[in-house]
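A short reminder: the numbers here are calculations on the coordinates, not readings from a lab. The structure presented is a predicted model; accordingly, all values stated were derived computationally and were not measured. No Cβ is skipped: glycine too gets one built from the backbone with ideal geometry, and neighbour counts run over all protein chains shown.
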6 protein chains.
Amino acid sequence: MAKISGRNKLPGVVTKVVTDKLMAKVEIDAPGGIKLVAIITRDAAEELRLRKGMKVTALIKATEMMVVAP
Amino acid sequence: MAKISGRNKLPGVVTKVVTDKLMAKVEIDAPGGIKLVAIITRDAAEELRLRKGMKVTALIKATEMMVVAP
Amino acid sequence: MAKISGRNKLPGVVTKVVTDKLMAKVEIDAPGGIKLVAIITRDAAEELRLRKGMKVTALIKATEMMVVAP
Amino acid sequence: MAKISGRNKLPGVVTKVVTDKLMAKVEIDAPGGIKLVAIITRDAAEELRLRKGMKVTALIKATEMMVVAP
Amino acid sequence: MAKISGRNKLPGVVTKVVTDKLMAKVEIDAPGGIKLVAIITRDAAEELRLRKGMKVTALIKATEMMVVAP
Amino acid sequence: MAKISGRNKLPGVVTKVVTDKLMAKVEIDAPGGIKLVAIITRDAAEELRLRKGMKVTALIKATEMMVVAP
């Protein structure tokens, strides 16, 4: 994973995968009680064989992240 | 924060803000030892008065997140 | 809304919400006769209780916008 | 413009272009008093010869837009 | 196509279009044996009348591209 | 590379890297004479040690790609 330019790499465990005809929703538990949700293609979910309990890394480009102040 | 459609909201503390003429890099410590990096506009960093020690929320749309399998 | 780093915040009124199993299409009328279309998760559309006639704000990060010259 | 898959096409007038070494910030006045800000490459700003007073179209993919409820 | 700020314009031929209620998957053969996959709205796929054999251009903003080193 | 959900993986050779304080522009020659341009963080460019002549893969999520019809 160190060789991908994307700056944000969050380790986690897949808790749920829901697939539709083209897309898939992947729910991931990350450290510190953080819940993540990724929408990817169904093709990708099948190719990666994503399933509950699987260890994965969520990858986010720094330019895709917003910041919200309280 | 509950009223934004973006699914991924990670609480954290700003550890560093570096600004250039147009852009700013914001480093954030999230729970579980996760380090985040967001690239936003300098205008936004100034408007939000982002600085070290400030509590913020990183916001990421579910469609912007990739998944990497081991 | 002033505290989100995303630079583009367009006020509007929801004119139509169409949901599929995972995703939702939200059509919004913005000022000046502009028609917007956002694709978000169905979960988000339900959580925000989006429906026709509701006032919302479309949010777009400056790095996600392209410019087209005539 | 009708032949681009991106769903959101906002007409406007460039009010300001600020360039850095790699990036450029383009401020655009859209109808209804909406102010837009796009961050694009400096190369693109130069190729399109963007300058104050120029009519342009802001282009945003539907999947890049979030919705915020009041 | 020269007047769009998006820096990456890949010519190709549509090899497959699969539509769901809201989204469409467009598979494109680009030069050099490259296979591309775009997820766009069904509305866009219909408006552009995308179909097998059609020549199109895939458009990607430079800030949306990651780089992976071997 | 087969284990990343991102659907578009274009092999290429770096032809130029230009860095600014926060960002870097990476120009890549892909097969079939395609020229690619990625804007990533300077941190990433340094971590991956990107330089002219290096073989890399450009990675693009399917939802980030638009389609343009002639």
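For the rotation taking chain C to chain B, which residue of C has the Cβ nearest the axis, and how many Å away is it?
That would be C:Ile4, 4.
Using the Karplus curve 6.51 cos²θ - 1.76 cosθ + 1.60 with θ = phi - 60°, what ³J(HN,Hα) values do you get for each residue of the stretch A:5-11, in whole Hz, with x for Gly and Pro?
5, x, 7, 10, 10, 10, x
Past the 17 angstrom mark, what percentage of all C-alpha to C-alpha distances in chain F do you count?
48 percent
Between A:Arg49 and C:Lys21, what is the spin-label point distance in nm, taking each point 7 Å from the Cα along the Cα→C-beta axis?
My value for the distance between the label points is 2.2 nm.
Any idea what the relative contact order of chain C is, in percent, if you count C-alpha pairs under 8 Å spaced at least 6 apart?
That works out to 39 percent.
Taking a ≥ b ≥ c as the square roots of the Cα gyration tensor eigenvalues, with a/c under 1.5 meaning rounded and otherwise prolate when a/b beats b/c, else oblate, which class fits the protein assembly as shown?
Taking the square roots of the gyration eigenvalues as a ≥ b ≥ c, the protein assembly as shown is rounded.
In nm, one decimal, shortest first: how far is the label point of B:Gly53 (7 Å from Cα along Cα to beta carbon) from the matching points in the other copies?
Copy-to-copy label distances at B:Gly53, shortest first: 4.7, 4.9, 4.9, 4.9, 6.9 nm.
Are there trypsin sites (Lys or Arg not before Pro) in the stretch F:36-70 that DSSP marks as loop and that have at most 12 other Cβ atoms within 10 Å, and which are they?
Here the trypsin sites (Lys or Arg not before Pro) that fit, given the DSSP loop and packing criteria, are F:Arg49, F:Arg51, F:Lys52.
If the only charges are +1 at each Lys and Arg Cβ and -1 at each Asp and Glu Cβ, what is the size of the charge dipole of chain C around the Cα centre, to the nearest 20 debye?
My answer is approximately 160 debye.
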